[in-house]
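Participant: Attaching a single structure in structure tokens format; questions to follow.
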Amino acid sequence: MNRPSRTSAVAAPHPVRARIGRYIGIGIFHTAYRGRALHGERVPMSGPVILVANHAAFLDGPFVFSMAPRPVNFLVKQEAFSGFFGAVIAAVGQIPIDRTVGDRGALSTATAVLERGGAVGIFPEGNRGAGDVDEVNQGAAWLSLRTGAVLVPVAVMGTRTEGAGVDAWPRLRSRLDVVFGSPFTLAVPTGVPGRERLRLASERLRETLASHVRLARVENGPSADFH
């Protein structure tokens, strides 16, 4: 049973938009690349879920969005919502977020998606980098604590080749992998003050995601990643 919405005034993207976009993305990543989704069965197919993924390259977002086993509304930097690409990601229900501030509007929209039993995707590192998950922002932990959504760690590999910059695209028909981990929740001791609770939850998220990324890289071989 879905819990009553606390964000009834916020309009979440219609779920059909992400579903249609996912089908289009599957076709692209199975044609232009050799995209694989590993352990998709670990992602709960109903109820509120937050996918948290490492972030190393431009294609990470479209790739995880397309290969996830259920439709996902990703939080995407607002700068991306311009031109043709911006029109496309808006049409498939992605959520713009201002990374320079605590964007309450974006978090409220994500909360509305979760409260109707949907899935939200977040790159908690914020910016593209090595994808090692050395640091995370607190938005994903905040959403999980607020809504009770479970989290699924996601390792993205192959989207950035060795020596390439964060804006580079992988070669056509190269192998790309997205590896889904086991769902987890953010258990925090009772009685911990709000800010400390959020800090502890965020560190728990970081440790879990970083561990999953390291394991996925070992299990899937160095050819799948730029490390």
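What follows is calculated from the coordinates using simple rules that are stated; it is not laboratory data. Bear in mind that the values here come from a model prediction, so they are computed numbers and not experimental data. Heads up, the Cβs are rebuilt from the backbone with ideal geometry, glycines too, and the neighbour counts pull from every protein chain shown.
Participant: Looking at the chain, identify the longest residue range that excludes and avoids all trypsin sites (Lys or Arg not before Pro) in DSSP loops having at most 16 other Cβ atoms within 10 Å.
Facilitator: 7-98
Participant: Which ³J(HN,Hα) values in Hz, rounded to whole numbers, follow from the phi angles of the stretch 76-93 under the Karplus curve 6.51 cos²θ - 1.76 cosθ + 1.60, where θ = phi - 60° and Gly and Pro get x?
Facilitator: Calculated HN-Hα couplings, in order: 10, 3, 5, 4, 6, 8, 9, x, 5, 4, x, 5, 5, 5, 5, 5, 9, x Hz.
Participant: How would you rank Leu215, Leu145, going from fewest to most other Cβ atoms within 10 Å of each one's own Cβ? Walk me through the intermediate numbers first.
Facilitator: Working: Leu215 14, Leu145 18.
Exposure proxy ranking, most exposed first: Leu215, Leu145.
Participant: While we're looking at this one, here's another question. Assign unit charges at the C-beta atoms only (+1 for Lys and Arg, -1 for Asp and Glu), then state the dipole size of the chain relative to its Cα centre in Debye, rounded to the nearest 20.
Facilitator: The dipole of the chain has a size of about 580 debye.
Participant: Report, in degrees rounded to the nearest 10, the 0 to 90 angle that the Cα long axis of helix 194-220 makes with the longest principal axis of the chain.
Facilitator: Roughly 20 degrees between the two axes.
Participant: Cα axis of helix 15-31 to longest principal axis of the chain: angle in degrees, 0 to 90, nearest 10?
Facilitator: Long axis of 15-31 versus the principal axis of the chain: about 20 degrees.
Participant: Now for a separate question. Defining a contact as two alpha carbons under 8 Å apart and six or more residues distant in sequence, what relative contact order in percent does the stretch 15-222 show?
Facilitator: After rounding, I find 30 percent.
Participant: Here's something else I'd like to know. Nearest 10 degrees is fine. How inclined is helix 104-115 to the longest principal axis of the chain, computing both from alpha carbons?
Facilitator: With rounding to tens, the tilt is 90 degrees.
Participant: Right, here's the next one. So how do His212, His14 line up by other beta-carbon neighbours within 10 Å, fewest first?
Facilitator: His14, His212
Participant: Which is the longest run of the chain containing none of the GluC sites (Glu not before Pro) found in DSSP loop states (not H, G, I, E, B) with at most 15 other C-beta atoms within 10 Å?
Facilitator: Values: sites that count: Glu135, Glu162.
Counting only loop sites that pass the neighbour cut-off, the longest clear stretch is 1-134.
Participant: Would you mind checking which residues have amide H under 5 Å from Asn73's amide H? H placed 1.01 Å from N; only 5 or more apart, or other chain.
Facilitator: Ala119, Val120, Gly121
Participant: Same structure again: Note down, for the chain, the three equivalent ellipsoid semi-axes (square root of 5 times each alpha carbon gyration tensor eigenvalue), biggest first, whole angstrom. Present the calculation step by step, with values, prior to reporting the outcome.
Facilitator: Numbers: eigenvalues 135, 86, 53 Å².
So the three semi-axes of the chain are 26, 21, 16 Å.
Participant: Additional query: How many percent of DSSP beta bridges within the chain run antiparallel, rounded to 5?
Facilitator: Around 20 percent antiparallel, to the nearest 5.
Participant: Okay, next question. In what sequence do Ser174, Ser182 fall when counting other Cβ within 10 Å, fewest first?
Facilitator: Ser182, Ser174
Participant: Sequence-distant or interchain residues sharing an amide H contact under 5 Å with Leu176, placed H: which?
Facilitator: The answer is Arg34, Gly35, Arg36.
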